[in-house]
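Taking it in order: structure first as structure tokens, then the write-up.
The values are calculated or read from the model by the stated rules, or taken from the named source; none is laboratory data. Keep in mind that this is a model prediction, so the values were computed, not measured. Don't worry about glycine lacking a Cβ; one is built from the backbone with ideal geometry, like all the others, and counts go over all protein chains shown. Side chains included, ligands, DNA and RNA excluded: accessible areas come from the protein's heavy atoms. Shrake-Rupley method; radii C 1.70, N 1.55, O 1.52, S 1.80 Å.
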Amino acid sequence: MTTVEVPNEMIDASSSSSIAEANDNNNNNNNDAKRKLTSVISSPELNTAAAPVAEPQAAPKPQHNRTLSHSVSFIGGLDVAEPKGRFYASDIPSNAVNLCSASFGARVLFATDEWFAKADNLLKDSEAEFDEDAYCEQGKVMDGWESRRRREEGHDWCLVQLGVPYWTSAAPLSTKSQTSKLQLVGIELDTAHFTGNQTPQVSIELASAVTNPVSVIEQLPNGVQRLLAGGRQGTGHNPTEVQQAKDAIAALKFTEILPRSPLKPGHEATRYHYFPLSEPLELEHDAKSPTWVKLNYFPDGGVARMRFWAVEVKEESEQDAAVVEEPATKKQKITETVDLYMPITTGPVCTVVSHTSTKGELPSRVAAKEFLEVSCDVNGGKGVACSNKHYGEPWRLIQPTLGGGMWDGWETARHSHRPSVIQSCPTTKLMDTPLNDWAILKLGKQATEIKKIILDTKHFLGNYPESILLEGCYLDSKEGDEESFWKSSASDSLKWFPLVSRTRMSPNAEHEFCQDQIQNTKSPVTHVRLSIYPDGGCSRVRVYV
């Protein structure tokens, strides 16, 4: 369950149960709905992401030491711009303002995925915060926009409407209307605290003077709802909805202003990335024809803040200006349920049972009554080696209990060299990449006939592996030689054979493989190797005889 707060006057009086009902009422009150939507687009007062300010001032220049230098390098065979990294406050004009500030009315209009943290955080004026003890249902609380580990084709992106710094948010527009010529001078991206999960590369596109923005927003999936209520953590759009969003903005003329560029981890010394424009870019930007920005992640990950530094030249003219009513501040709470996208369901490959299912016992609870779980630590199983243990260690995979959280499983860091744009193999339909992480588990006793295997992704909702391969081997070694063997080159010559061929995974579910769905069931097995593609986390590996 997720609770969101919506300004009361934006919800039709006859609707009190859900945002969806409010949107349905818009169909019957089309003119009224468009009036409300237009007022949201053109008034920063209604931005729920930030409190109103009396008079927007030039944003304070960063006080951090940041790097200089700009060059082009080749990453993965692609031309990418190298960020200036560490730069000084003098790089930003003293009169520059941040057009990505929520205080100026900047808004996120769409984001492909906001599982770990919503894109609205990109627009905060405050420095990114981090509490090492703060966790939520999705995992670690992060102050930025973080998408789940991408398991579908493509890459993540979000659409942002830039703010208008010469508006006031505490009073109606004056009779002296101000027009503004804005010149964009640089872009800043801050990866603060995203140390193993920052997005490896980004690019930015810009569409200036968008005409009829209301019409475009109405075509975006949940576009009106998003504008009224803001983003919601723990959500993501399926491939059909992402294509719908692409179609909605297809007619807009986007220009790439930042080519694909690498980002460094969010440690204090490397978190700031400043990209100066070689020449200031003049924006055609006003209330009725806003500027939209498309931030592309390649392929996924997190960024804490995005700032568009611009200088403005104002021109004043006398005219009658419409009075904008001050919005009501009373808020109404609305609760919605988020359904998980399940890439694989029960079929000939395996049985998939979600941990949210209420239909009978979980397969692992039933199997425990019928078979011996030889992989379990209480039966002598051990976690002996792994490729990466950034967020957890292999021994957690073989506990008899159900996982207590993501911390109670094995999870790796995101591969920094994962594909920039996810593609599927035409033959297997799986992610077309050899990248993987692995963990080796020693069984409590030799398995001579495997009856069942269960792979559990409990709690891994946005960071489950795209697919998993489970292999077995027979190793005749003494207990004292075990650790040294896996560290030596001798382990490289070990013959592994498949038990479960590479198979697509779903989030927060047990994947049950019965004997007729397992390969080499009667080959003697002393160890199993779990390979996850390309990275991610798994809660439990259960092997039964």
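FRET efficiency for Glu127 and Glu282, Cβ-Cβ distance as r, R0 = 30 Å, nearest 0.05? Provide the component values of the computation, followed by the final result.
On the way: r = 30 Å, r/R0 = 1.00.
Efficiency for this residue pair is about 0.50.
Length available on full extension from Thr358 to Trp438: 0.36 nm per residue minus the Cα-Cα distance, which gives 25.6 nm.
Would you please report the Å³ per residue occupied by the convex hull of the alpha carbon atoms in the range 391-544?
Working: hull volume 19.2 nm³, N = 154.
About 125 Å³ per residue, rounded to a whole number.
Per-residue extension of 0.36 nm, minus the Cα-Cα distance of Ser215 and Tyr474, leaves a gain of 86.9 nm for this segment. Averaged over residues, the count of other Cβ atoms within 10 Å places the peptides 235-242, 218-225 in the sequence 218-225, 235-242, highest first. At full extension, Gln446 and Ala490 could sit 13.8 nm farther apart than now, given 0.36 nm per residue minus the alpha carbon distance.
How large is the accessible surface per residue of the range 338-438, computed with a 1.4 Å probe and reported in Å² as a whole number? Please report the intermediate quantities before stating the final value.
Details: 5450 Å² over 101 residues.
On a per-residue basis, 54 Å².
As a fraction of the 1.4 Å probe accessible area of the range 340-448, surface on carbon and sulfur atoms comes out at 54 percent.
Could you order Trp496, Trp407, Trp115 by accessible surface area, starting with the largest, using a probe radius of 1.4 Å?
Working: Trp496 50, Trp407 150, Trp115 10 Å².
So the residues, ranked largest to smallest area, are Trp407, Trp496, Trp115.
Taking R0 as 35 Å, what's the FRET efficiency between His267 and Thr428 from their Cβ-Cβ distance, rounded to 0.05? Let's see the in-between values first.
Values: r = 37 Å, r/R0 = 1.07.
With a Förster radius of 35 Å, E is 0.40.
Zone of Val349 (label point 7 Å along Cα→Cβ, backbone N under 19 Å): which residues in the range 495-509? Taking a point 7 Å out along Cα→Cβ of Val349, the residues of the range 495-509 whose backbone N falls under 19 Å are 498-509. When the surface is traced with a 1.4 Å probe over the full set of protein chains, Glu361 keeps roughly 110 Å² accessible. Quick check: from the Cα gyration tensor, does the range 178-238 come out rounded (a/c under 1.5), prolate or oblate? Oblate shape, in that a/c is at least 1.5 and b/c is the bigger or equal ratio.
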